[in-house]
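Encoded as structure tokens, the structure appears first; notes follow it.
Just so it is clear, none of the values below were taken in a lab; they were calculated from the coordinates. Treat the numbers as computed from the prediction; the structure is a model and nothing was measured. Using ideal geometry, Cβ is built from the backbone for each residue, glycine included, and neighbour counts are taken over all protein chains shown.
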Amino acid sequence: MTFLVLVPQFFVFATFAEVSEDDAASALANAEGALVSAYQAALKAEEAGADVSGLLVRLNEAGGFLAQARIAYRLGDFDEAVRLADLCSESSDGVGNEAVKLRLGVFGPRVMGFWLTVTYSLVGVVAVVLGSFWGWHFFKRRYFERVLRMKPEVSFDES
Amino acid sequence: MNLEEYRTVFAAGSLVLILIAAAPTLGLIVPFPRGTERFSELWVLGPNHMAEDYPFNIIFNETYRVSVGVGNHMGSSSYYLVYVKFRNQTQPLPDAVTSEPSPLAPLFEYRFFVADGDGGTWETPLTFGILKVSHYNKSVSVGRILINDVVFLVDTPASWDSKYNGFYYQLFFELWLYNTTSQSFHHHNRFVGIWLNMTS
């Protein structure tokens, strides 16, 4: 009877301790990877011109979980480290997807804005070039007319 | 002025107007260098959220509070890591010349993201207390320290400082920045700390 009671206790303890430490290291690595990937997605969205303040709030929540998980790991509390690392991974996954949506959301208007700017500049440059040619020819004609209207005079220097 | 000189003036004027018209597009295509310096701020404030009244004379088993903050002026949102470390007077601080961090193991840590710009700051309160100190003839040893309700075993001895008459320790904060190119954290060459007198 004693044997029957002790064996399962020992078994449970031994299995629990072994899996927990390995899982903790792996879960921390996964969580860090998920968080960094979400951050890079948020950075791309920010570079595209999206407002990522909401994403940063959620990234901070995930970062807080990861920091606590690392502290728990250093203190040897591997169960807690795994739990917190998993929370970090879950939070990060959602952020990455949201960042991609935000980036795509600003992509269309940004491309449109780019082409509008290019069009305005082209129109401006063409207008300046045409205006300059027209202005120069107008000026040149007026200049020659003025020169032709001049009456030459012959003068002598008597000194 | 003769006609040639007029033509030169006309050409120069037209060129200036063309550049003005093309400036918006050039601004989108040509990467102009940013004039602003990129940096991060790291600070520690006292319990009243001012740069004063920092905990100094430590009474064992009492809890003290400070605030740690970071400001981001790096040009984009940044991923930071702050390590909280504890040292005596002989243990090494980070090296500001070589940008090397302190080799001491971190106790607590914060990982967070800060937006760029004037509003881009992060701040958090930190509570700490000294839980176990052993006294010897001319030295003490701090055994356990509490940081944000987490107990850390430190076992750090300190000798009597005859110059300043006390046993001194330092709780300091190291700032690390995530580099997206190397995909790892690097010491950002910023650290701040508060001195703690364990004499009492």
| note | In terms of the charge dipole of the stretch A:62-159, which places +1 on Lys and Arg and -1 on Asp and Glu at the beta carbon, the residue among A:81, A:62, A:152 farthest towards the positive end is A:152
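Multiplying the sequence separation of residue B:131 and residue B:116 by 0.36 nm and subtracting their Cα-Cα distance, what value in nm do you get?
Values: separation 15, 0.36 × 15 = 5.40 nm, distance 3.87 nm.
In short, 1.5 nm is gained.
With runs of 4+ DSSP H residues as the only contributors, calculate the mean residue ellipticity of chain A at 222 nm using -39,500 (n - 2.57) per run, divided by the residue total and rounded to the nearest 500. Could the numbers behind the result be given before it?
Working: 3 runs with 140 residues, N = 159.
Helix-only estimate at 222 nm: -33000 deg cm²/dmol.
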| query | Which distance in nm do the two modelled labels at residue A:37 and residue A:104 give, with both placed 7 Å along the Cα-to-Cβ direction? | reply | 1.7 nm
| note | Here, residue B:38 and residue B:123, labelled 7 Å along Cα→Cβ, have an inter-label distance in nm of 2.6 nm
| request: Measure out, as a whole number of angstrom, how far apart the alpha-carbon centroids of the stretch A:122-159 and the stretch B:129-170 sit. | output: 91 Å
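Calculate the mean, over all residues of peptide B:6-19, of how many other protein chain Cβ atoms lie within 10 angstrom of the residue's Cβ.
The shielding value for this peptide is 3.
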| request: Note the angle between two axes, namely the Cα long axis of helix B:3-29 and the longest principal axis of the Cα atoms of chain B, as a number of degrees from 0 to 90, rounded to the nearest 10. | output: 40 degrees
| query | What ranking, highest mean first, results for peptides B:133-146, B:68-81 when packing means the other Cβ atoms within 10 Å averaged over each residue? | reply | B:68-81, B:133-146
| If you take the beta carbon distance between residue A:122 and residue A:61 as r and set R0 to 41 Å, what does 1/(1 + (r/R0)^6) give as a FRET efficiency, to the nearest 0.05? | 0.30
| message | Place a point 7 Å from the Cα of residue B:139 along the Cα-to-Cβ direction; which residues of the stretch B:69-111 have their backbone N under 16 Å from it? | response | B:87-92
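Go ahead and run the numbers for FRET between residue A:154 and residue B:1, Cβ-Cβ distance against an R0 of 25 Å, rounding to 0.05. Spell out each step's value before the answer.
On the way: r = 25 Å, r/R0 = 0.99.
Using R0 = 25 Å, I get an efficiency of 0.50.
Other chains near A:115-122: what is the mean number of their Cβ atoms within 10 Å of each residue's Cβ? All intermediate terms of the calculation are to be shown ahead of the outcome.
Working: counts 0, 1, 5, 5, 1, 4, 10, 3.
Shielding by partners across A:115-122 averages 4.
In peptide A:51-58, how many Cβ atoms from other protein chains are near each Cβ within 10 Å, on average?
Values: counts 1, 4, 3, 0, 3, 8, 1, 1.
Taking the mean over all residues of the peptide, I get 3.
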| note | 1/(1 + (r/R0)^6) with r = Cβ-Cβ of residue B:56 and residue B:186, R0 = 35 Å, i.e. FRET efficiency to nearest 0.05, evaluates to 0.65
| Any idea what the dipole of the protein assembly as shown comes to, in debye rounded to 20, about its Cα centre with Lys/Arg Cβ at +1 and Asp/Glu Cβ at -1? | 1100 debye
| query | When the helix-only estimate is applied to chain B (DSSP H runs of n ≥ 4, each -39,500 (n - 2.57), divided by the residue count), what is the mean residue ellipticity at 222 nm, nearest 500 deg cm²/dmol? | reply | -5000 deg cm²/dmol
| field | Rel. contact order, % - alpha carbon contacts under 8 angstrom, at least six apart, chain A | value | 26 percent
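Before anything else, pin down the relative contact order of chain B: Cα pairs under 8 Å, at least 6 apart, normalised by residue count, whole percent. Each step should come with its number before you reach the end.
Numbers: 397 pairs, mean separation 43.8, N = 200.
The normalised contact order for chain B reaches 22 percent.
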